[in-house]
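Read the figures in this text as sums done on the coordinates, not as results from a lab. Just so it is clear, the structure is predicted and the values come from calculations on it, not from any experiment. When we count neighbours, we look across all protein chains shown, and the Cβ atoms used for this are built from the backbone with ideal geometry, even at glycine.
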Amino acid sequence: VQLQASGGGLAQPGGSLRLSCAASGSIFSYNVMGWYRQAPGKQRELVAFILTGGGTNYADSVKGRFTISRDNAKNTVYLQMNSLKPEDTAVYYCGARAGANDYWGQGTQVTVSS
């Protein structure tokens, strides 16, 4: 199982970025897929997740600004990030759960700065 995260970079406050998480196999294999982030000196936190059936959940800090979605044909999960704030700066990780097993992709850096 491989999860390949991409799409990070530098954005200005108020700007947008879209992260992608491409899975090596069918994403139907996973009960849930999500995005986490870890800022310097802080613990990793859940940003958003999406269930196999399409249900979603978001951290309060990103509600209304971030949208998680999935493209089953491409085995890819996305995180559209709008109205970015400096406090969104972190390394973002894609994660997935299949049964009792958790899988992680490599992180992608998101920096929000003017």
Hypothetical label at GLN12: residues of the range 94-114 whose amide nitrogen lies under 17 Å (7 Å Cα-Cβ projection): 111-114
Theoretical FRET efficiency, 1/(1+(r/R0)^6), r = Cβ-Cβ of GLN109 and SER24, R0 30 Å, to 0.05: 0.85
For the range 1-45, Kirkwood radius (reciprocal of mean inverse C-alpha pair distance, Å): 12.8
Over the chain, volume per residue of the alpha carbon convex hull, in Å³: 91
Fraction of beta bridges assigned by DSSP in the chain that are antiparallel (%, nearest 5): 95
Inter-label distance for ALA73 and VAL32, nm, one decimal - labels placed 7 Å from Cα along Cα-to-Cβ: 2.9
